[in-house]
Each structure stands twice: as C-alpha cells, then as structure tokens.
1. Name the pairs: first residue in the range 102-130 and touching a residue at least 40 places away in the same chain (Cβ under 8 Å), second residue open to solvent by 20 Å² or more (accessible area, probe 1.4 Å) and aromatic (Phe, Trp, Tyr), Cβ to Cβ under 9 Å, at least 6 apart or on different chains?
2. For the range 1-57: of the residues being over 22 Å from Val106 (Cβ atoms) and hydroxyl-bearing (Ser, Thr, Tyr), which is surrounded by the most Cβ atoms within 10 Å (Cβ to Cβ)?
3. For the range 32-51, check the following and say yes or no: at least one residue is more than 19 Å from Val131 (Cα to Cα) and in contact (Cβ under 8 Å) with a residue 24 or more places away in the chain.
Amino acid sequence: MSMTDPLGDMLTRIRNGQQAKKDSILSPASKLRARVLDVLQREGYIRGYSKADDGSATAALRIDLKYFEGEPAIQHVSRVSKPGRRVYSGSADLPRVRNGLGIVIVSTPRGVLSDAEAREQNVGGEVLCQVF
C-alpha cells in the first residue's frame with residue numbers, strides 16, 4: 001500500500017517515539033524529510049539525524065529525539081498543509097505558533113525554512129507543519 005502523506009508519517013513517528021520515550025526512531029528517507037529535520041535540528045527540537053544503514057533496499061533516517069528534564073522537546077507537532085488541502089502563505093501572513101514560542105516550517109523557493117527565517121528573507125510558501 002502506498003503512503004499518501006510521507007511527511008505526516010514522519011511527524012507521527014516522531015510524536016509516537018517521544019510519547020514512548022525512545023532515544024531514536026527510524027523513518028524512510030527523502031529530501032523533503034531531511035530538509036524538515038534540518039530545520040528541527042537548527043531550532044533545537046531534535047538532537048540530530050543521520051542516514052541509517054540497516055541493510056535494506058530502502059534508505060532510512062535515524063532521528064535522535066531530544067528531552068529536557070524527562071519531557072519531550074516537542075510538545076506538539078501537527079501537519080498544516082495536507083495532500084487533500086494545501087495551505088500557502090505570504091511572508092507577512094505566516095502564522096505565529098503560541099505567540100512566537102513555537103515554529104512553523106515553510107517550503108519556500110529558497111528551501112525549507114522556519115517561519116522566522118522566511119520572514120527575514122521575505123519569502124512565503126507552503127506551510128508544512130507547526131511545532132512547539
């Protein structure tokens with residue numbers, strides 16, 4: 001069975017892994033997923049990620065989850081733009097998550113950026129997900 005929302009699947013794996021207090025999780029690899037993980041790492045929501053060599057034919061990413069005083073660094077993660085309903089926003093109209101305490105990840109012509117980086121570069125795009 002084919003997957004209709006690969007990014008949503010990765011976000012769900014992260015959410016479930018943190019709920020189960022896992023140190024790291026595996027997710028199938030893609031360029032978009034790697035760019036989203038770059039943003040999460042830059043913003044301090046995950047410790048890091050690497051390409052996992054598990055010997056299978058499909059590439060995978062090992063995502064190292066982050067905790068602070070026993071609590072997950074990511075309290076909430078949700079997909080905004082879905083395959084059935086794409087959500088786009090200009091740089092001035094990018095949503096703010098929890099009055100700036102969280103981030104919105106945006107796919108722009110200049111790459112996948114956080115909302116602060118997109119505002120700074122004055123670019124808009126597809127709103128992928130919210131994290132806080």
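1. Cβ pairs passing all conditions: Ile103/Tyr45; Ile103/Phe132; Glu126/Tyr88; Val127/Tyr88.
2. Step by step, filter the range 1-57, then rank; the result is Ser24.
3. No: the range 32-51 contains no residue that is more than 19 Å from Val131 (Cα to Cα) and in contact (Cβ under 8 Å) with a residue 24 or more places away in the chain.
The values are calculated or read from the model by the stated rules, or taken from the named source; none is laboratory data. None of the values given here were measured: they were computed from a predicted structure. Positions of Cβ are backbone-derived with ideal geometry, glycine not excepted, and every protein chain shown enters the neighbour counts. Keep in mind that these areas ignore ligands, DNA and RNA; they rest on the heavy atoms of the full protein, side chains included. Shrake-Rupley method; radii C 1.70, N 1.55, O 1.52, S 1.80 Å.
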